[in-house]
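Colleague: Handing you a structure now.
The values are calculated or read from the model by the stated rules, or taken from the named source; none is laboratory data. As the structure is a prediction and not an experimental result, all values here were calculated from the model. All Cβ positions, even for glycine, are placed from backbone atoms using ideal geometry, and neighbour counts span all protein chains on display. Heavy atoms of the whole protein, side chains included, go into the accessibility calculation; ligands, DNA and RNA do not. Shrake-Rupley method; radii C 1.70, N 1.55, O 1.52, S 1.80 Å.
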Amino acid sequence: MDNQEPTDSSQNTKQFIISEELTAEGKWVKLEKTTYMDPTGKTSVFGMGPSVLCPALSSSVFRTNLKRQQRELYQRTWETVKRTTRKGQSADGVTIIPVLQRTLHYECIVLVKQFRPPLGGYCLEFPAGLIDDNESPEAAALRELEEETGYKGDVAEWSPAVGMDPGLSNCTTHIVTVTINGDEAENVRPKPKPGEVYGSNFLTKE
């Protein structure tokens, strides 16, 4: 990564991570204090060039100190959540868009109902889960879909890794579209894995 020095203009300051300090860690996630270079910085006299402050102070020593002070003024900290489960996969997990197709029916999007402790309530959401070791995004999507809904399908397409909440965490996911043939016997009365979810819901595509 190119660690460019700050210049007199904040518009030209390169953003980069300076340090990461662990503050707390659990089984699934950890909290870090991330220090980084912010191009917006704080308005300060140190944002001016030495010739503006005093023409007689344009020495190399003054310029070195000025750059150091500018660097410190542009540094900011951020509270960051990171997963402890990441082991080199292309993304942390998969988010599945299941398209249920049945004869004489509109296509439906299958959603799952789950209790989410951070929100203190139930949520309707796409099936999703972490990618296991040595597992492809496609295999993870089909496994999670069957576990959470009971449906078996085929992967139609999947996205590159995308951030889930980049203002808070480094968690990433592949968005995988899966088509489900609802006329097949195995999909007529699907049975999700016990304890996975609290039911499936259908959003009709008209």
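Colleague: Based on this model, can you work out whether Val52 counts as modelled with pLDDT of 55 or more, over 30 Å from Ala139 (Cα atoms) and open to solvent by 90 Å² or more (accessible area, probe 1.4 Å)? Before the answer, list the steps.
Modeller: Working: modelled with pLDDT of 55 or more: no; over 30 Å from Ala139 (Cα atoms): yes; open to solvent by 90 Å² or more (accessible area, probe 1.4 Å): yes.
Answer is no for this residue.
Colleague: If you don't mind, another one. In region 133-162, which residues are over 14 Å from Ser90 (Cα atoms) and in a helix (DSSP H, G or I)?
Modeller: Leu142, Arg143, Glu144, Leu145, Glu146, Glu147, Glu148, Thr149
Colleague: Looking only at region 147-174, how many residues end up being open to solvent by 70 Å² or more (accessible area, probe 1.4 Å) and at pLDDT 95 or above?
Modeller: Of all residues in region 147-174, those open to solvent by 70 Å² or more (accessible area, probe 1.4 Å) come to 152, 154, 157-158, 160, 164-166, 168.
If we keep only those that are at pLDDT 95 or above too, we end up with 152, 154, 157-158, 160.
Here the count works out to 5.
Colleague: Out of region 163-194, which residues are in a strand (DSSP E or B) and without any contact (Cβ under 8 Å) to a residue 24 or more places away in the chain?
Modeller: Once the filter is applied, which keeps residues that are in a strand (DSSP E or B) and without any contact (Cβ under 8 Å) to a residue 24 or more places away in the chain, region 163-194 yields only Gly163.
Colleague: Among the listed residues Thr103, Thr84, which satisfies the condition of being open to solvent by 40 Å² or more (accessible area, probe 1.4 Å), β-branched (Val, Ile, Thr) and over 19 Å from the mean Cα position of the chain (by Cα)?
Modeller: Exactly one of Thr103, Thr84 is open to solvent by 40 Å² or more (accessible area, probe 1.4 Å), β-branched (Val, Ile, Thr) and over 19 Å from the mean Cα position of the chain (by Cα), namely Thr103.
Colleague: With respect to Leu119, is the statement that it is surrounded by fewer than 16 Cβ atoms within 10 Å (Cβ to Cβ) and assigned to a loop (DSSP other than H, G, I, E, B) true?
Modeller: Yes; evaluated as a whole, the condition is true for this residue.
Colleague: Let me ask another. May I ask you to list the residues in region 122-132 that are open to solvent by 60 Å² or more (accessible area, probe 1.4 Å) and more than 16 Å from Gly88 (Cβ to Cβ)?
Modeller: Residues of region 122-132 open to solvent by 60 Å² or more (accessible area, probe 1.4 Å): 122, 124, 126, 132.
Matches in region 122-132: Tyr122, Leu124, Phe126.
Colleague: If you check every pair at least six apart or on different chains, which have Cβ atoms under 7 Å apart with a residue in region 142-153 that is under 16 Å from Ile175 (Cβ atoms) first and a residue that is small (Gly, Ala, Ser) and not in a helix (DSSP H, G or I) second?
Modeller: Partner pairs satisfying both residue conditions: Leu142/Gly153; Glu144/Ala128; Glu144/Gly129; Leu145/Gly153.
Colleague: Right, Phe62: surrounded by 15 or more Cβ atoms within 10 Å (Cβ to Cβ), modelled with pLDDT under 60 and among the aromatic types (Phe, Trp, Tyr) or not?
Modeller: no
Colleague: Hey, can you tell me all the residues within region 1-34 that are among the β-branched types (Val, Ile, Thr), at pLDDT 90 or above and open to solvent by less than 70 Å² (accessible area, probe 1.4 Å)?
Modeller: Within region 1-34, Val29, Thr34 meet the criteria.
Colleague: Can Glu135 be described as modelled with pLDDT under 95 and exposed (fewer than 15 other Cβ atoms within 10 Å of the Cβ)? Quick ask: steps written out before the conclusion?
Modeller: Details: modelled with pLDDT under 95: yes; exposed (fewer than 15 other Cβ atoms within 10 Å of the Cβ): yes.
Answer is yes for this residue.
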